[in-house]
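First the structure, in the form of C-alpha cells, and then the observations on it.
The values are calculated or read from the model by the stated rules, or taken from the named source; none is laboratory data. The structure displayed is predicted, hence computed values, not measured ones. Note: ideal-geometry Cβ built from the backbone for every residue, glycine included; neighbour counts use all protein chains shown. Note: areas computed on protein heavy atoms with side chains; ligands, DNA, RNA excluded. Shrake-Rupley method; radii C 1.70, N 1.55, O 1.52, S 1.80 Å.
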Amino acid sequence: MVAGSETFRGALSDVRAFCAVVDHGTVTQAAEILGETKGSISRRVSRLERELGVTLLARTPRAVSPTVEGLAFHAKAQESLALLDGALETARDARTLPRGHLRVTTSIDFGIEVMPDLVASFRVRYPQVTIDLLITDTRLDLAANRIDLALRLGSGEGQDGGYRAPVLAHLMIGLYAAPAYLSARGAPATLDDLAGHDLILSRERLGAAPVRLSDGQGREGHITARPAVRATDYATVLRLTRAGAGIGHIPSLVAAQALRDGALVPVLPDWASRGGVLRAVSLAGRELPARVRLFRDHVRLGLAAMREAA
C-alpha cells in the first residue's frame, strides 16, 4: 500500500498527455491523438512537472524530448496506465458480460428445495459465472457479507430506501400428502375433514393456530387443528410429508419438485393460503452487474415455469 505522503495527487489526464507526447514525439501529434489543442497538452505537462517537482521534457523551439527523469517516469506510468485501462475495461464489461463471481443468499426452505435446479440451469447457460450460495434463515447484511442478491420470502411490504427489492413471485401455500398416507387414511373431501387427519405445519403455526385458506373464488375458510408434527422450516415439513407423516401445509414452489416426481399429491387443491412474496433484494444506488441481473431474471422465469408445471 502506498503511503499517503507518496500518493500521486495529479490528474491522470495529465499523465496521459505526457505519455502521448513521448510516444508520438511531438506536442502536435499528441494533441491530435487526444483531441485537444497544443496549448492544452503543454499546460497538462507543465502541471504534471509542478506536481512531481521534476522536469520531464526538455523543450527547444523546434522539438521536445524526455529527460532522464521523464524516461523513467514514462516507463512506469505506461505500465500503470495499462493496468488501469484493464481494470476499467473489466468494470465496464461487468455491466454487459455475464462473468465473475456471484454471492446469493436465501432461506433454508427455498435454498434446499428450489435453488439447486435454478443454479444448475444458470451455470449451464453462463459457465463463466461462479456462485456462492449462502442458505440461512438469518437475514445477512448485504454490504457486510459482500452479497450481490438476497432472495427473501416475506410479506408484500417493500424494503427501505437502501435496497431495491422487485417481486419475483407471489407465493401460495397448499396442502399436500404422500400417496401412501392418503391410501391408508383416505383423502379429505372438505376442510372439516382435515380435523381427522395428521397435520404437519411449520414453526409459524404454533399450537392450535388457525390456518386460513381461500379458494380463489371469494370463499374463505380455515382449519384449527393442533399439528401432529411441527418443524422449524418448510423444507423439513416437505420431507415429513413425503415420508407419510401427514398432510403438509407447504409453499407450492417448495413442493413443486415432489409433485413432478409423484412423491406428493395435492389435497383439497382448490384451497390454499397466501404466502407473501419472494423478493430479489440488492443494494440500491448502483447499476447491477450483468451476472446479478441475469441471475435474477433467470430465477423469475424459472419460478414462472415451475408454477405452470405444478
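Values computed for the structure shown
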{"item": "Residue match in the range 272-288 (condition: part of a loop (DSSP other than H, G, I, E, B), modelled with pLDDT of 90 or more and either over 27 Å from R103 (Cα atoms) or in contact with a Lys or Arg (Cβ under 9 Å, 6 or more places away or on another chain) (or both))", "result": "no"}
{"item": "Options A180, A169, A184; residue that is open to solvent by less than 60 Å² (accessible area, probe 1.4 Å) and either part of a strand (DSSP E or B) or modelled with pLDDT of 90 or more (or both)", "result": "A169"}
{"item": "Residue match in the range 70-92 (condition: assigned to a strand (DSSP E or B), surrounded by 13 or more Cβ atoms within 10 Å (Cβ to Cβ), modelled with pLDDT of 80 or more and among the hydrophobic types (A, V, I, L, M, F, W, C))", "result": "no"}
{"item": "Residue pairs meeting the criteria (Cβ under 9 Å; at least 6 apart or on separate chains; first in contact (Cβ under 8 Å) with a residue 40 or more places away in the chain, in the range 37-60; second hydrophobic (A, V, I, L, M, F, W, C) and not in a helix (DSSP H, G or I))", "result": "E51/F8; E51/A11; L52/F8"}
{"item": "When residues of the range 5-14 are limited to those that are more than 16 Å from T37 (Cα to Cα) and of a type outside the set (D, E, K, R), the one modelled with the lowest pLDDT", "result": "S5"}
{"item": "Total residues in the range 266-310, condition within 17 Å of A178 (Cβ to Cβ) and open to solvent by less than 40 Å² (accessible area, probe 1.4 Å)", "result": "2"}
{"item": "Conditions (1) of a type in the set (S, T, Y); (2) open to solvent by 30 Å² or more (accessible area, probe 1.4 Å); (3) modelled with pLDDT of 85 or more: number failed by T224", "result": "(3)"}
{"item": "Flag if V21 is at pLDDT 85 or above, open to solvent by less than 80 Å² (accessible area, probe 1.4 Å), β-branched (V, I, T) and assigned to a helix (DSSP H, G or I)", "result": "yes"}
{"item": "Every pair of residues 6+ apart whose Cβ atoms lie under 8 Å, when the first sits in the range 217-245 and is on the phi < 0 side of the Ramachandran plot and in contact (Cβ under 8 Å) with a residue 12 or more places away in the chain while the second is in a loop (DSSP other than H, G, I, E, B) and of a type in the set (S, T, N, Q)", "result": "D233/S107"}
{"item": "Single residue of A263, A245 found to be open to solvent by less than 30 Å² (accessible area, probe 1.4 Å), small (G, A, S) and not in a strand (DSSP E or B)", "result": "A263"}
{"item": "Whichever residue in the range 227-251 is modelled with pLDDT of 90 or more and of a type in the set (S, T, N, Q) and, among such residues, is nearest to T138 (Cα to Cα)", "result": "T236"}
{"item": "Matching option when the condition is at pLDDT 90 or above, part of a strand (DSSP E or B) and under 17 Å from L294 (Cβ atoms), among L151, L134, L175, L118", "result": "L151"}
{"item": "Filtered residue count, the range 120-152, keeping only those that are open to solvent by 30 Å² or more (accessible area, probe 1.4 Å) and either of a type outside the set (S, T, N, Q) or more than 22 Å from V277 (Cβ to Cβ) (or both)", "result": "23"}
